[in-house]
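What follows is a single structure, written as structure tokens, with notes after it.
The values are calculated or read from the model by the stated rules, or taken from the named source; none is laboratory data. All of these numbers come straight from a predicted model, not from anything done at the bench. FYI the Cβ positions are ideal-geometry reconstructions off the backbone, even for glycines, and counts take in every protein chain you see. SASA here: full protein model, heavy atoms, side chains in, ligands and nucleic acids out. Shrake-Rupley method; radii C 1.70, N 1.55, O 1.52, S 1.80 Å.
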Amino acid sequence: MKEKFDVTGMSCSACSSHVEKSVSKLEGIKTVSVNLLTNSMQVEYDETKLDTGKIIEAVEHAGYGASVKEDGKAAVKAGETEDAVSIQQKNIKNMKTRLIISVIFLIPLMYVSMGHMIYNALGVPMPPLTMKFFHGSENAVIYAFTQFLLLLPILFVNQKYFRNGFTTLAHRSPNMDSLIAMGAAAATVYGIFAIYRIGWGFRIGDMELVHQYSHDLYFESAGTILTLITVGKYLETKSKGKTSEAITKLMNLAPKTVTVVRDGKEQVIDAADVVQGDIFVIKPGESVAVDGVILEGKSSFDESAITGESIPVIKQEGDKVISASINKAGLIRARATRVGKDTTIAQIISLVEEASSSKAPIARLADKIAGIFVPTVIGIAIVTFILWLASGADFEFAMSCGIAVLVISCPCALGLATPVAIMVGTGKGAENGILIKSGEALETAHIVDTVVMDKTGTITYGKPVVTDIRTYAGISENDLLKIAGSLEKGSEHPLAEAIVSDCGKKNIVPEKVNDFEALFGKGIKGRLSSGRLYYAGNEKLMEEAHVALSGEIKKEMEQFAKQGKTPLFFATEQKLLGIIAVADVIREDSPQAISQLQNMGIQVVMLTGDNECTAQTIGAQAGVDQVIAGVLPEGKDRVIRELQQRGKVAMVGDGINDAPALTRADMGIAIGAGADVALDAADVVLVKSSLSDVPAAIRLSRAVLRNIHENLFWAFIYNVIGIPIAAGVWYHWF
């Protein structure tokens, strides 16, 4: 079973790493993925050995909070729960308030503690009021205690660092907050100790002691630490808000209410309350709340939010409408077929959230480092303090170096380097009709060196169309099509559908056919209104009807076969009227998409169960590197395994027969119009059913991985440079 949890109290990647380790120790756990960016956890476990209560208990034992993530359906209802946007905005507002208060009190704190140094540096006389109360050993108590009072509001608004920091320290899982809490607390406690020493100096009349400790106050250091960290946390919170915008935009696409027809009356209800089979109304300008089939009306629909395709699609009775698409013109009545979590938009949101919550393999490296990062920094801080004391430095200098090491280190950057990039990448993919189901798939795509494509429905449309018309005996093309359409209207064969569809496009109205008869394996025959008997079918039927086919016609048949086309013969008794060639043609963008992949250094293989002749023809038209024909579904799995011995393989398919190969491949890519089982088996779904999105998905993966590498580089280099500086390694040289 797979379950999602909300996790509270995490502040850096050390936190997420500790939560992950704590939960993964439980018996029955299969996989655990904790995401610092979304403060969420995705767990796959054996429900016979474990339940959510034990998982939450493990998180709480680690020092954090957890709760099962609520079903997205509940959040759709207006007014019931706060949406993700308002929660994020509250977090940003809270961080902004903390930052403003911190800055308001830090400025006078810095003035009181450092003002005299600024005036001396500028060569400007100190104001009399400042001189009277905050300068000289006789004002040491006022000087020290004023700083302490100005620090208190900063400590109060940022108390969260201390609560989280010392709690996780007590659980032996120190995190970023632990470093902040230890550094700020050490500076504050030492400052309070200094006030007592100043008081003791006045008590015994030792003004030298008073003078010494009035210069050894670290209240401004504690205030600066907390304020600067809060600046970083505020920017981080805003960054989290921006990176989750893709999901937020998707959530806002589907309307919260819908007009349904119940008991013959129209009524407005929450979209979450629509049940399968409900009749609902879509007015011009409205968004579609649930997936359905049109019962009445005709209109154009803007599906750009789902497919990324900007051109509106004309829809009429019998056509499907997709949730989150917009009705541009007419009034539509439709029957709900997919509701709640099953709607297209809900599934897209679920996929994007799941991908954002999952971890790419590269993220696990950062997690391992982050898991030992904080304890290592604490160790470096202690060693720094001891070494400076041992070298003869005074206690205050040694302590300030130790505090600086604690404060300058930043494991947050390590923790956010990967999830930020993955969330933005999957979000951008979703906006453009490329649904990436996991971080692992997003990372795998950039190293794919072979793309295997199914032929039917992937490189081709998967639907036969009329490609050529040849007429004989003085008949026109339209007259031949009228005869063909009239005969084929009664047939359910896919090739017959192609002819009937072509008649519809050319506004040719078929006639009624009498004495219709389907001749199994050969074709059909029937009488039109003229009373004349007509035949439609293959070469074998023509032979039986005693229709002679000349050598020239047979050559043309061979030419059609080489081009992957199926010729259909139409004749009266003993007289050929014409030939209509039907074929499953390649998609317009297939050759361009294949060429783009080849320019990226990727080999393209076409895999099909079709015959060798047709496969080679389609392969040549599409421009693939290799054609493997006559392969059964189980054989596709074997071919993928063989290709994997040479490198990383992506499989692109659309049908049920492609599911095993999609699962076997390093990355499975499903065409959005394909079978549900193929979509479930794939790692990436192309909503627009366009092959051009295959190279786009790989380019997106490469861009995201490049961004992750850059993020990790700066996260590492910052700490590599910053920690030695804080420890005072270069002090004697500079």
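Annotations for the structure displayed:
- The residues of region 580-597 that are assigned to a strand (DSSP E or B), open to solvent by less than 20 Å² (accessible area, probe 1.4 Å) and touching a helix residue (DSSP H, G or I) at 6+ places or on another chain (Cβ under 7 Å), listed by number, are Ile580, Ala581, Val582.
- Residue in region 95-105 that is farther than 30 Å from Gly9 by Cα and surrounded by 17 or more Cβ atoms within 10 Å (Cβ to Cβ) present: no
- Leu607 out of contact with any Ser or Thr (no Cβ under 6 Å at 6 or more places or on another chain) and either modelled with pLDDT of 90 or more or surrounded by fewer than 16 Cβ atoms within 10 Å (Cβ to Cβ) (or both): no
- Against the list (1) among the β-branched types (Val, Ile, Thr); (2) under 30 Å from Leu36 (Cα atoms); (3) open to solvent by less than 20 Å² (accessible area, probe 1.4 Å); (4) at pLDDT 90 or above, the condition Ile198 fails is (2).
- Every listed requirement among (1) over 30 Å from Ala271 (Cβ atoms); (2) at pLDDT 85 or above; (3) not polar (S, T, N, Q) is met by Ile118 save one, (2).
- Filter pass, Phe133 being assigned to a helix (DSSP H, G or I), open to solvent by 60 Å² or more (accessible area, probe 1.4 Å) and either of a type in the set (Asp, Glu) or at pLDDT below 80 (or both): yes
- Within region 141-158, tally of residues that are touching a residue at least 40 places away in the same chain (Cβ under 8 Å), β-branched (Val, Ile, Thr) and more than 25 Å from Arg98 (Cα to Cα): 1
- Entry remark, region 147-164: residues being among the aliphatic types (A, V, I, L, M) and either crowded, with 23+ Cβ neighbours inside 10 Å or touching a Pro at 6+ places or on another chain (Cβ under 8 Å) (or both) number 3 in total.
- Going through (1) buried (at least 16 other Cβ atoms within 10 Å of the Cβ); (2) more than 30 Å from Cys15 (Cα to Cα); (3) at pLDDT 85 or above one by one, Ile142 falls short only on (1).
- Test result for Ile602, touching a residue at least 40 places away in the same chain (Cβ under 8 Å), open to solvent by less than 20 Å² (accessible area, probe 1.4 Å) and farther than 17 Å from Thr458 by Cα: yes
- Qualifying residue in region 539-549 (condition: in contact with a Pro (Cβ under 9 Å, 6 or more places away or on another chain), closer than 22 Å to Asn611 by Cβ, part of a helix (DSSP H, G or I) and open to solvent by 20 Å² or more (accessible area, probe 1.4 Å)): yes
- Remark: pairs (first residue in region 102-113, under 12 Å from Tyr218 (Cα atoms); second residue part of a helix (DSSP H, G or I) and aliphatic (A, V, I, L, M); Cβ separation under 6 Å; 6+ apart in sequence or on different chains) = Leu109/Leu150.
- In region 172-195, the residue that is least open to solvent (accessible area, probe 1.4 Å) out of those that are within 17 Å of Ile142 (Cβ to Cβ) and among the aliphatic types (A, V, I, L, M) is Ala194.
- Residues that are in a helix (DSSP H, G or I) and farther than 17 Å from Ile104 by Cβ within region 212-232 comprise Gln212, Tyr213, Ser214, Ser221, Gly232, listed in sequence order.
- Annotation note: Cβ proximity below 7 Å between a residue of region 685-697 that is on the phi > 0 side of the Ramachandran plot and a residue that is among the aliphatic types (A, V, I, L, M) and surrounded by fewer than 21 Cβ atoms within 10 Å (Cβ to Cβ) (sequence gap 6+ or interchain) occurs for Ser689/Ala673.
- Every residue from region 242-272 that is assigned to a helix (DSSP H, G or I) and either at pLDDT 90 or above or not charged (D, E, K, R) (or both): Thr243, Ala246, Ile247, Thr248, Leu250, Met251, Asn252, Leu253, Ala271, Ala272
- Filtered by the rule that a residue be in contact with a helix residue (DSSP H, G or I) (Cβ under 6 Å, 6 or more places away or on another chain) and in contact (Cβ under 8 Å) with a residue 60 or more places away in the chain, region 114-140 gives Ser137, Ala140.
- Residue within region 550-561 that is small (Gly, Ala, Ser), at pLDDT 85 or above and in contact with a helix residue (DSSP H, G or I) (Cβ under 7 Å, 6 or more places away or on another chain) present: no
- The listed residue being at pLDDT 90 or above, open to solvent by less than 10 Å² (accessible area, probe 1.4 Å), in contact with a Gly (Cβ under 7 Å, 6 or more places away or on another chain) and not in a loop (DSSP other than H, G, I, E, B), out of Ala334, Ala355: Ala334
- Taken over region 1-27, the criterion of being touching a strand residue (DSSP E or B) at 6+ places or on another chain (Cβ under 8 Å), of a type outside the set (S, T, N, Q) and either in contact (Cβ under 8 Å) with a residue 40 or more places away in the chain or exposed (fewer than 15 other Cβ atoms within 10 Å of the Cβ) (or both) is satisfied by Met1, Lys2, Glu3, Lys4, Phe5, Asp6, Val7, Gly9, Met10, Val19, Glu20.
- Within region 380-402, the only residue that satisfies the criterion of being open to solvent by 30 Å² or more (accessible area, probe 1.4 Å), under 45 Å from the mean Cα position of the chain (by Cα) and at pLDDT below 90 is Ser400.
- Residue list for region 72-106, restricted to those being of a type in the set (A, V, I, L, M) and modelled with pLDDT of 65 or more: Ile92, Met95, Leu99, Ile100, Ile101, Val103, Ile104, Leu106
- The residues on offer are Glu552, Glu556, and the sole one that is charged (D, E, K, R) and open to solvent by 80 Å² or more (accessible area, probe 1.4 Å) is Glu552.
- Identification of strands (runs of 3 or more DSSP E) wholly contained in region 620-734 with 1 or more residues that are surrounded by fewer than 24 Cβ atoms within 10 Å (Cβ to Cβ) and either hydrophobic (A, V, I, L, M, F, W, C) or at pLDDT 80 or above (or both) yields 626-628.
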